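Read through the structure below, which is laid out as structure tokens, and then see the notes.
Throughout, read-outs are computed from the coordinates displayed, never taken from laboratory work. All figures in this text were calculated on a predicted structure; none of them were measured in a lab. Ideal geometry is used to build each Cβ from the backbone, glycine not excepted, and the neighbour counts take in all protein chains shown.
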Amino acid sequence: MSAAAASSTVVAGVDIGGTKTSGALVAADGTVLARATRDTPARTGGEAMAETAALLVEHLAHGAGVRPDAVGVGAAGVVDPRDGSIRAASDMFVDWAGFPLGARLGDRLEVEVRVENDVNAFLLGETAWGSGAGRDVLGVMLGTGVGGALLLDGALRHGPHGAAGEIGHTPGYGDLLCTCGRTGHLETLASGTSIARRYSSVGGASVSSAREVADLARAGDAIAAGVFADAGRAVALACVSAATLVDVSLAVVGGGVASAWDLLQPAVDETLASDPPVSGVPLRIVPGTLRGDAVVLGAAALVAASDLSAIPDPFPEGELRT
């Protein structure tokens with residue numbers, strides 16, 4: 001990051017998701033000065049998605065009368081943070097894999113642009129301005145799938161292949177089929193998709209979302225409560241495994257499923273008591289506090305605070321492999 005970006009007083013953060021692209025102008029202390037949202041043209045292609053993000057930033061700047069000094073982006077997909085290109089993405093995004101998002105936005109807006117994976121941005125947001133204060137933190141996003149991110153010694157840890165922190169596809173959580181085609185991954189118990197699917201499969205009524213299962217659990221449905229208990233235990237075990245390997249003492253959980261923290265927490269706490277990290281150092285697992293703003297604020301943190309976003313050659317072995 002340039003010295004100018006590190007001392008920026010106002011930056012823009014953008015969250016490019018599958019359905020919505022959200023943005024905000026953010027002051028150095030994390031105060032949101034303006035925000036806006038547009039539909040993501042995911043089926044139209046990378047050029048249209050980049051232009052939507054650019055127009056959103058321009059709209060924010062015009063409305064607030066403040067031009068951002070730099071722009072940070074949290075984007076869906078596998079991102080090479082060295083140049084802000086999209087290295088891999090799901091089929092829902094047309095012409096996204098391989099798209100030079102950072103360069104295109106930088107040229108279009110004539111400011112410095114930094115791009116990160118959206119889960120990494122979530123963790124940066126919670127670390128900078130949410131419930132993840134610390135220099136060694138695990139981030140877990142429970143949404144349609146399960147994503148993860150890792151902050152070590154104040155810097156995002158990407159790993160030589162860009163997969164550090166991705167606990168959603170770690171095995172050992174049963175024999176259910178995962179969206180990736182393999183079985184028993186954490187995602188099969190803890191994602192919003194799997195919570196809805198499991199409730200129906202273990203004897204509950206047909207539901208379309210984890211939110212419906214949460215409402216049923218709060219209304220006294222024992223099957224629904226059990227599905228959330230299984231999810232909470234699985235998340236806690238995954239966090240304990242990560243803490244044991246890399247010696248973090250804090251995990252922050254976000255995403256839509258985390259809004260049902262009241263249903264997850266009992267099993268999380270029980271698991272931490274019965275299966276703590278071998279180090280003996282207590283592991284705290286807490287819900288994120290930024291909710292829907294986490295990725296936008298984390299994207300802003302990319303260009304607002306150098307100590308949180310330093311990227312010292314994240315892929316030392318050369319090309320990112322997917």
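Before moving on, here are some points about what is shown:
- Integer Hz, Karplus 6.51/-1.76/1.60 couplings in order for segment 261-275, x for Gly and Pro: 4, 4, 8, 7, 4, x, 5, 4, 5, 4, 5, 4, 6, 8, 9
- Arranged from fewest to most other beta-carbon atoms within 10 Å of their beta carbon, Cys178, Cys239 become Cys178, Cys239.
- Here the chain is scanned for GluC sites (Glu not before Pro) in DSSP loops (not H, G, I, E, B) that have at most 11 other Cβ atoms within 10 Å, and the longest stretch holding none of them is 111-316.
- Remark: segment 51-68, residue by residue, has Karplus-estimated 3J(HN,Hα) of 5, 4, 5, 5, 4, 5, 5, 4, 4, 5, 5, 5, x, 8, x, 9, 8, x Hz, where x stands for each Gly or Pro and the curve is 6.51 cos²θ - 1.76 cosθ + 1.60 at θ = phi - 60°.
- Packing-based exposure ordering (other Cβ within 10 Å, fewest first) of Phe93, Phe122: Phe93, Phe122
- Computing Rg and the Kirkwood Rh from the Cα coordinates of segment 73-229 gives a ratio, Rg/Rh, of 1.04.
- Cα lying deepest toward the dipole's positive end in the chain, options Gly23, Val113, Pro160, charges on Cβ: Gly23
- For Met141, residues with placed amide H under 5 Å, excluding near neighbours: Gly147, Gly148, Gly254
- Per-residue HN-Hα couplings for segment 153-160 [Karplus 6.51, -1.76, 1.60; θ = phi - 60°; Hz; x = Gly/Pro]: 6, x, 10, 4, 9, 9, x, x
- All Cα pairs of the chain, percent lying beyond 24 Å: 52
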